[in-house]
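These notes concern the structure reproduced below.
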Amino acid sequence: MNPERLLGECQMVWQSNSKQIADIYSQLNYGRSNVRYTDYEAFQKAIVELMHIAMTNRLPVALPHNIGWALLMVSGL
């Protein structure tokens, strides 16, 4: 599949220990240069999808420390 088509998607991966992992597709590249790699619109779209999945299925959500919080605060989610 074309990587650009995955931007903004949230893919649930079901683990055998009854935990779920959400893959959030919000960037095409990564690195340490002074460049913003995250596509904020794609991140927000994927987080909204994750919230919908979690609320519909009554699933808890945990995110790595500080990931995307500035974006979430600005977007009002």
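Within segment 10-39, the set of residues being in a loop (DSSP other than H, G, I, E, B), of a type in the set (Gly, Ala, Ser) and surrounded by 10 or more Cβ atoms within 10 Å (Cβ to Cβ) comprises just one member, Ser26. The lone criterion from (1) more than 22 Å from Arg5 (Cα to Cα); (2) at pLDDT below 90; (3) not acidic (Asp, Glu) left unmet by Met55 is number (2).
Cβ-Cβ distances below 6 Å connect the following pairs, each with a first residue in segment 20-36 that is without any contact (Cβ under 8 Å) to a residue 40 or more places away in the chain, a second residue that is exposed (fewer than 10 other Cβ atoms within 10 Å of the Cβ), and a separation of six or more residues or different chains: Gln20/Trp14; Ile21/Val13. Need pairs with beta-carbon distance below 6 Å; first residue closer than 25 Å to Trp14 by Cα and within segment 55-77, second at pLDDT 85 or above; sequence gap 6+ or separate chains. Short answer, once both residue conditions are applied: Val61/Ala54; Gly68/Phe43.
The values are calculated or read from the model by the stated rules, or taken from the named source; none is laboratory data. Because the structure is a prediction, the values reported are computed rather than measured. Virtual Cβ from ideal backbone geometry, glycine too; neighbours counted across all protein chains shown.
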